[in-house]
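The values are calculated or read from the model by the stated rules, or taken from the named source; none is laboratory data. Remember, it's a predicted structure, so these values are computed and weren't measured experimentally. We place every Cβ from the backbone using ideal geometry, glycine too, and count neighbours over all the protein chains shown. These accessible areas exclude ligands, DNA and RNA; they are computed on the full protein's heavy atoms, side chains included. Shrake-Rupley method; radii C 1.70, N 1.55, O 1.52, S 1.80 Å.
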Amino acid sequence: MTSLRLPLAMTAALLALGAASAQAAPHEHSAFIADYDLDKDGKVTAQEFQSVRAQRYAATDANKDGGVDETEYVEEYRARLEAQLAASDESAERKEEQRARQIRQAHVRFGVLDKDKDGKISAAEYDASGRRAFAEQDGDGDGVITPGEKKKKAE
C-alpha cells in the first residue's frame, strides 16, 4: 500500500495545480503562472517551473520504467482536464465537446513530443519541450515569468 501513497499524493497535487487554471487554456500566460507559481508570489522562476515539471514527469510515468508512453501521457492529462472541467461553469454539452477535443489533442501532442518515435516521451524529450514553453512565456528573457509580460512569438 505504501507504494501507492506517493503517486496518489503527487496525482492529488497535480490535480490541484490543474484546477488552479480551470478557466484558462494551459498555455495562456495567467494559467501558466497559476500552474507553476509554487510560492504564490505572482511570478514563475525557472527553478519553480523545473520543479513542477519534474514532479509531473515522475507522476506521469505511472509504471516507473523511465519513459512516458501514450496511455500514461493521455491519462495524466485527462485527470487534470477533468479537474478543470469540474471547476468550470460551462454547460454539460460544452464540457463534453471540450473533453473530446482536448483528449484528441493530447494524443497529437504525444506524437509531437515523442521526437524519436520510440513510443515513449523520454525525460530529455520532456525537458526540451519544457524549455521551449518556458522561453515562449518569458517574453523578456530574464528567467522569470511575470503577469503582463508578453509572450514571445513562436519562431
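What does the charge count near residue 97 come to, summing +1 for each Lys or Arg and -1 for each Asp or Glu among other residues with Cβ under 14 Å from its Cβ? Local net charge: +2. Sites listed here are trypsin sites (Lys or Arg not before Pro) in the range 56-87 whose DSSP assignment is loop and whose Cβ has at most 12 other Cβ atoms within 10 Å: 64. In order along the range 104-121, the Karplus-derived 3J(HN,Hα) couplings, from 6.51 cos²θ - 1.76 cosθ + 1.60 at θ = phi - 60°, round to 4, 5, 4, 5, 5, 4, 4, x, 6, 6, 7, 4, 8, 6, 9, x, 9, 8 Hz, and Gly and Pro are given as x. Counting only protein heavy atoms and a probe of 1.4 Å, the accessible surface of the range 64-116 is 51% carbon and sulfur.
Distance check, please: which entries in 64/115; 43/95; 40/150; 43/152; 95/151 exceed 23 angstrom between their Cα atoms? Pairs exceeding the cut-off: 43/95; 95/151.
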